[in-house]
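See below for the structure under consideration.
The values are calculated or read from the model by the stated rules, or taken from the named source; none is laboratory data. Since this is a predicted model, take the numbers as computed values, not measurements. Using ideal geometry, Cβ is built from the backbone for each residue, glycine included, and neighbour counts are taken over all protein chains shown.
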Amino acid sequence: MITKNFDWKEQYKDKIETAEKALKLIRPGNSVFIGTGCAQPQHLVDELVKHSAHLYDVHIVHLLTMGKAPYIEPQYRDKFKMNSFFVAENVREALRIGIGDYTPIFLSEIPEEFESGRIPIDAAIISITPPDANGLCSLGVSVDIVKAAVSNARYVIAQVNSNMPRTFGDSFIHINKIDKLVPCDEAIIEIPIPEPDEILRQIGQNVARLVEDGSTIECGIGNIPQALAEFLTDKKDLGVHTEMFSDWIIDLIECGVINCSKKTLNRGKVVASFCMGSKKLYDYIDNNPFFEFYSTEYVNDPHIISQHEKMVGINVGLEIDLTGQVCADSLGYQFYSGIGGQIDFIRGCARSRNGKAIIAMPSTAKNGEVSRIVPHLTEGAGVVTTRGDVHYVVTEYGIAYLHGKSIRERVMDLINIAHPKFRKKLIQAAKTQKYIYQDQIELAWDQIGYPEELEKYETLRDGTQIFFRPIKPTDETALSEMLYSLSDESIRTRYMTQTMRFPHKDVQQIANIDYRTDVSIVGVVPGVSGEEVVAIAQYFLDPKIQAAEVAFIVQDEWQQKGMGTLLLDYITKIAKQRGVKKFFAKVLPQNKAMLAVFHNSGYKVNTEFDGDAYSINYDLA
């Protein structure tokens, strides 16, 4: 830490130069690395272009820079060539018109390219804090690949900025590693923090459902992390190991949600390689030992990531095809962002014990005009996350778990979280491509909305929590598994026959319903590959008389826990709200448990016995 009496400008005056003189170290044909993100040395960049009369064919290399990029202007085309590992907004248009290059590469592997010389660095121009009495300067808000660039550059030219936050971890470089110091204080680049819209908030809420207490989280670039933070406030003991973070982290630390107490590595510390946000964030991390910044070869190493128990990685996609291929760096042939750390964290989280690798995206783009879930990727689009790597996909319409599932199951899961107005076209495209059965039911999804308001949690007699929700088309496989797991006795009491087959054509009739008239509520519990269906309550409405036949199935091992009573009570409340006047059912005499559920319902139950079964009916008024 800098002492009051320490005059670094006097101590290191032999290294201090003006930008114009310091940049004379750069020669024609050199490769020049520019510091990352909000730590871009803006003064040095401006001066490099301003005093470039002696330069030509200088290769600018960077990850992403959030300030201006004057070196891409047409008048400097003979002087500077740009190569970016991530396409930020300031160079996106230049790449579109063919000025500059984009190198697709995993963030964790860039330092090795510098070290091996495959991507040579002649000079690194960076931002640092003033040196302390020991000659140590902090790289501040961006360590990422800057540390590797500094280590492998022939010359290091540093803009000394007293506004740069002093950060801890592996963020320090010694003054002896720096060739020229250019004092220039300027505001650290700030990133506006947008207010999430309702779609992003719904995505955040869905992602939050996947984050367990004690998880360590990673959030990629974008607006979704800010939306997610709002729905993590009821979590406990979260940790952070992420390539970057923004202002969303502050409130979660202040309210005690993020304390890093359960982290497997770097316990008690937020670990990142860079951050981007507001001055409030930069002030918060300044000299704050709770934060440690490390280079990407550590932070983004899938092996390091995988060692965290309950590691949850949240990254974004631009589009995904029905088989699970995720494009995250291009819009067709146009490069839009970059691979970044997505695969590093997808693979690291997948190997973590109880980890979750998540791709989150709105279901549509261009103000709802196009679906991001598509039959095939746009021509020219590149695959960042492969079919084999994809695990969870989240939109505002729900969560799809794809890993280990067949193409047919993936298609149905993804269509279920697509925007309703595109679902029919996606079903039809999937049939054309022979991804799904040709007799798959096509519902009018744009008219039949999933009744999310009917989701609720209940507690069984033994204290087990059960999730009740309306059935979905994607429940077909889980429902079929439950039906085939029933004992002969359960089949006989429900279907009044000794044996039953449950083929696709029959089970899909149960899973695909018109929520406006019929209701099927399933009881689900967490399973190895998603939710397991353990019970179902249904009613089928005769609209002419506003009466409905009601039926229940509870998996054998879940019987005698009060499931039937809870289901009847809930489905009755739904029916009454929807104007149903009467329930009726058929029950075999040996099904004493179901008979007791009806008679204990609190309604006046009328019972008739025809010698084989009881006919039950009662008014809901």
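Couple of notes before you dig in:
- None of Gln498, Gln465 is surrounded by fewer than 17 Cβ atoms within 10 Å (Cβ to Cβ), modelled with pLDDT under 95, under 17 Å from Val525 (Cα atoms) and not β-branched (Val, Ile, Thr) except Gln465.
- In the set (1) surrounded by fewer than 16 Cβ atoms within 10 Å (Cβ to Cβ); (2) over 26 Å from Ser273 (Cα atoms), the condition left unmet by Ile72 is number (1).
- Qualifying residue in the stretch 55-64 (condition: at pLDDT below 95 and either basic (Lys, Arg) or part of a strand (DSSP E or B) (or both)): no
- Residues that are at pLDDT 95 or above, outside any loop (DSSP other than H, G, I, E, B) and under 21 Å from Phe293 (Cα atoms) within the stretch 186-232 comprise Thr216, Ile217, Glu218, listed in sequence order.
- When residues of the stretch 477-488 are limited to those that are part of a helix (DSSP H, G or I) and touching a residue at least 60 places away in the same chain (Cβ under 8 Å), the one surrounded by the most Cβ atoms within 10 Å (Cβ to Cβ): Met482
- Subset of the stretch 485-526 [among the β-branched types (Val, Ile, Thr), under 24 Å from Pro470 (Cα atoms) and more than 31 Å from the chain's Cα centre (by Cα)]: Ile491, Thr493, Val507, Ile510, Thr517, Val519
- Looking only at the stretch 1-42, and only at residues there that are farther than 30 Å from Pro289 by Cβ and small (Gly, Ala, Ser), the one that is nearest to the chain's Cα centre (by Cα): Ser31
- Segments classed as helices (runs of 4 or more DSSP H), wholly inside the stretch 7-51, with at least 1 members that are at pLDDT 95 or above, within 17 Å of Cys184 (Cβ to Cβ) and in contact with a Phe, Trp or Tyr (Cβ under 8 Å, 6 or more places away or on another chain): 42-50
- For His51, the test of being crowded, with 23+ Cβ neighbours inside 10 Å and without any contact (Cβ under 8 Å) to a residue 60 or more places away in the chain is failed.
- Pair list, Cβ under 8 Å, 6 or more apart: the stretch 4-30 residue assigned by TED's automatic domain parsing to the domain that holds Gln159 and over 14 Å from Val160 (Cα atoms), other residue at pLDDT 95 or above and of a type in the set (Phe, Trp, Tyr): Leu25/Tyr155; Ile26/Tyr155
- Odd one out for Ala272, checked against (1) part of a loop (DSSP other than H, G, I, E, B); (2) surrounded by 17 or more Cβ atoms within 10 Å (Cβ to Cβ): (1)
- Selection status of Gly37, in contact with a Ser or Thr (Cβ under 7 Å, 6 or more places away or on another chain), in contact (Cβ under 8 Å) with a residue 40 or more places away in the chain, of a type outside the set (Asp, Glu) and crowded, with 18+ Cβ neighbours inside 10 Å: yes
- Against the list (1) within 22 Å of Val271 (Cα to Cα); (2) in contact with a strand residue (DSSP E or B) (Cβ under 6 Å, 6 or more places away or on another chain); (3) not aromatic (Phe, Trp, Tyr), the condition Ile320 fails is (1).
This table checks each residue for (1) loosely packed, with under 14 Cβ neighbours inside 10 Å; (2) closer than 27 Å to Gly463 by Cβ; (3) of a type in the set (D, E, K, R).
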{"position": "Ser520", "(1), (2), (3)": "no, yes, no"}
{"position": "Pro526", "(1), (2), (3)": "yes, yes, no"}
{"position": "Tyr539", "(1), (2), (3)": "no, no, no"}
{"position": "Gln546", "(1), (2), (3)": "no, no, no"}
{"position": "Phe552", "(1), (2), (3)": "no, yes, no"}
{"position": "Trp558", "(1), (2), (3)": "no, yes, no"}
{"position": "Lys561", "(1), (2), (3)": "no, yes, yes"}
{"position": "Thr565", "(1), (2), (3)": "no, yes, no"}
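- Lone unmet requirement of (1) more than 29 Å from Asn288 (Cβ to Cβ); (2) in contact (Cβ under 8 Å) with a residue 40 or more places away in the chain; (3) in contact with a Lys or Arg (Cβ under 8 Å, 6 or more places away or on another chain) for Asp170: (1)
- Any hit, the stretch 393-412, residues being touching a Lys or Arg at 6+ places or on another chain (Cβ under 9 Å), of a type outside the set (A, V, I, L, M), part of a loop (DSSP other than H, G, I, E, B) and within 30 Å of Ala575 (Cβ to Cβ): yes
- Among (1) surrounded by 18 or more Cβ atoms within 10 Å (Cβ to Cβ); (2) over 23 Å from the mean Cα position of the chain (by Cα); (3) within 29 Å of Ser337 (Cα to Cα), the one test that Lys425 misses: (1)
- Selection from the stretch 598-621 of residues that are in a strand (DSSP E or B) and either basic (Lys, Arg) or buried (at least 16 other Cβ atoms within 10 Å of the Cβ) (or both): Tyr614, Ile616, Asn617, Tyr618
- Options Gln447, Gln440; residue that is part of a loop (DSSP other than H, G, I, E, B), surrounded by 20 or more Cβ atoms within 10 Å (Cβ to Cβ) and among the polar types (S, T, N, Q): Gln440
- The selection criterion, being over 18 Å from Leu402 (Cβ atoms), surrounded by 23 or more Cβ atoms within 10 Å (Cβ to Cβ) and either assigned by TED's automatic domain parsing to the domain that holds Ala149 or among the charged types (D, E, K, R) (or both), holds for Asp344.
- When Lys424, Lys431 are screened for being in a helix (DSSP H, G or I), without any contact (Cβ under 8 Å) to a residue 12 or more places away in the chain and of a type outside the set (Phe, Trp, Tyr), only Lys431 passes.
- When restricted to residues that are crowded, with 17+ Cβ neighbours inside 10 Å and in a helix (DSSP H, G or I), the stretch 347-375 contains 4.
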